[in-house]
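Read through the structure below, which is laid out as structure tokens, and then see the notes.
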Amino acid sequence: MKTKFNIFHRNLAVGIACILLLQLYSCDSFLTKTPEDQGSQTSFWSKQADAESWMYGIYNKVEDAMAGSIVLWGDARTDNLHPTQYANGVDFQLNLLVSSKDYANWSKLYAVISACNIGIENISTMDNIEENARNSYLGQCYGLRAMAYFYIVRLWGDAPLILESWDGSQETKYNGRTPVAEIAEAIEADIKECIRLLLPLPGTGNLTGVYYFNIGAAYVLQADFLAWQGRYDEIPAVYDNINMLRTYSLVTDPLDWNKAFSDPENSTESVFTIAFSKENKPTTTYSGYASTLGYSGSNPGFALSREMYLNMVRDSVDIRLLGAISRSSISGDLIPENAPVYDGSAGGGFNEIRQIDKIWPLGSEPGVFQKSDTEFLFEAPIYRYADIVLLYAEALNRTGDAEGAIDVVNEVRAARGATTFASLADYPQQLGNTPGSREKLIMDERQLEFFMEGKRWFDLLRTDWYMQVLDEHIRNLQIIRGDEVTGFTNPAHLLWPISQTVTTANPNIKQNPTY
């Protein structure tokens, strides 16, 4: 039986939960209020079905927060892409972000946090609920809250830390920004509590499976968090923990790899996926990945970069090339000489590859996809098993196990059908963004594996590559476009602007520098 919830029942539950959410707070008031008395909510929290309805409402808010944002957060500002003349691609690629645009608003992530806060406070004290279901729901709330805060601190830095529900009063004082270090402590505590609650429950309780925050997702988030903090020596134990679940594995067949995007609940690669139902589709044409994430029709704001293409075609039989791009989109042979070229004309280019098709089911052979404009379900992988595998390789390299790190990279390449493998002789240097660096080997592998899955930006930040990679990328674009050549020179711009909507509503939220 499929673990994905029935759309009709989910929508009904979402409707009930959202009405209650609106009664309890608004998105703006959440960041400005003091803790509330829970007594007014007790009439709702009387049976297990109420808790389940609330959880459906939380996942609806997770969808709302992540739809259209995954690629913007993790790919749009990086060397994975170059801009076209459409939408806001130039703003992201040339580091011209402004606080007046919707992408600067963190409110949808805080809506997730607020719904989790209310769920934690009420589900923990409910009667008439099975203990396994209680622990499952609470574990998911802690995990989703940690994930939301983890995105916030990496994108905006200091931010309000709010771990209680709120009363909606217009007369209580505004909340200011909490230092990242303090939020990090809260994230780690939430991850540990999530693991404590979910670990005894694999395959039990309600709302379980790849579309819900599960124990596997908790472990990958934990490894991701530890890497961000530079605590690489702790990652191998987390890697062992997820493997002890005996649930996940790297796949070797192109059709199986594609299932991580088109049929994740039947993929051993899938850990946590957000499914956007047809009602949430932002456009009426679904001819490519970027179109699904909020760009108009077949004219997305981004195209495949030359650098990304060269990474893809290093091994023409690697399933991650023709598992991501239609063969018909690529001109000529799969060789470096046929890489797309950005010419800067009207903000666009020529020989562009704009359609990233890995979200569609593969057809009869790699590079052929079963596309449809009428039947579509965008299923965005937040965490896949390959993510923690390559974080493990990164940890081995950082802690001095050079051969182990290269072996893990080769394990991933072998699973993907590659014929080109790495050797220690070719990568004698431990760190850095240079050709002989093992760190570059691993980051190149992550760039290829997770293209358009929202990972590259955070990888660049974590490894301190951002200045070198982004500066070179932006300089090349500026030269081609005939713009003033400034490159990426201001580390303050690694943080995103905070929305004017937020700073206007709450004077204690100070804008990030230089915006």
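The values are calculated or read from the model by the stated rules, or taken from the named source; none is laboratory data. None of the values given here were measured: they were computed from a predicted structure. Note: ideal-geometry Cβ built from the backbone for every residue, glycine included; neighbour counts use all protein chains shown. Accessible surface is based on the protein model in full, side chains and every heavy atom, while ligands, DNA and RNA are left aside. Shrake-Rupley method; radii C 1.70, N 1.55, O 1.52, S 1.80 Å.
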Which ³J(HN,Hα) values, rounded to whole Hz and listed in residue order, are derived for segment 237-249 from phi using the Karplus coefficients 6.51, -1.76 and 1.60 in 6.51 cos²θ - 1.76 cosθ + 1.60 with θ = phi - 60°, glycine and proline given as x?
-> 5, 5, 4, 5, 4, 5, 5, 5, 6, 6, 10, 10, 7
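How would segment 57-122 be classified by its alpha-carbon gyration tensor: rounded, prolate or oblate, with rounded meaning a/c under 1.5 and the a/b versus b/c comparison settling the rest? Before the final figure, lay out each step's value.
Numbers: a/c = 3.38, a/b = 2.61, b/c = 1.29.
Prolate shape, in that a/c is at least 1.5 and a/b is the bigger ratio.
Quick check: with the 1.4 Å probe, what order do 110, 239 take by accessible area, largest first? Working shown, then result.
Details: 110 0, 239 20 Å².
Descending order: 239, 110.
Solvent-accessible area per residue for segment 399-515 at a 1.4 Å probe radius, Å²?
Details: 4840 Å² over 117 residues.
About 41 Å² of surface per residue is accessible.
Provide the FRET efficiency to the nearest 0.05 for the residue 467-residue 364 pair, computing r from the beta carbons and using R0 = 56 Å.
On the way: r = 45 Å, r/R0 = 0.80.
Result of the calculation: an efficiency of 0.80.
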What's the extension gain from residue 343 to residue 253 if we count 0.36 nm per residue and subtract their Cα-Cα distance?
-> 28.7 nm
Using a 1.4 Å probe on heavy atoms of the protein chains only, the accessible area for residue 153 in Å², nearest 10, reads 10
Peptides ranked, highest mean first, by Cβ atoms within 10 Å: ranges 139-146, 394-401 | 139-146, 394-401
Residue 514 accessible area, assembled protein chains, probe 1.4 Å, Å² = 90
Trypsin sites (Lys or Arg not before Pro) lying in DSSP loop within segment 441-515, provided at most 12 other Cβ fall within 10 Å | 510
Name the residues whose placed amide hydrogens come within less than 5 Å of the amide hydrogen of residue 496, ignoring near sequence neighbours (fewer than 5 apart) on the same chain.
-> 156
Built amide H within the under 5 Å cut-off of residue 81, gap 5+ = 305
Please tell me which of these pairs span more than 31 angstrom C-alpha to C-alpha: 358/510; 371/455; 47/101; 47/510; 61/510; 371/440?
-> 358/510; 47/101; 47/510; 371/440
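Of all accessible surface on segment 45-148 at a 1.4 Å probe, what whole percent is carbon and sulfur? Numbers along the way, then the final one.
On the way: 1170 of 2780 Å².
It is 42 percent, rounded to a whole number.
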Collect residues whose amide H, placed 1.01 Å from N in the peptide plane, falls under 5 Å from the amide H of residue 382; neighbours closer than 5 in sequence don't count.
-> 272, 273, 274
Mind grabbing the accessible area of residue 112 for me, 1.4 Å probe, Å², rounded to tens?
-> 10
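Between residue 124 and residue 331, what length in nm is gained on full extension when 0.36 nm per residue of separation is reduced by their alpha carbon distance?
Numbers: separation 207, 0.36 × 207 = 74.52 nm, distance 5.76 nm.
The span from residue 124 to residue 331 would gain 68.8 nm if fully extended.
Which net charge results when you count Lys and Arg as +1 and Asp and Glu as -1 among the other residues whose beta-carbon is under 12 Å from that of residue 309?
Working: positive: 306, 314; negative: 79, 307, 337, 352.
Cβ neighbours under 12 Å give a net charge of -2.
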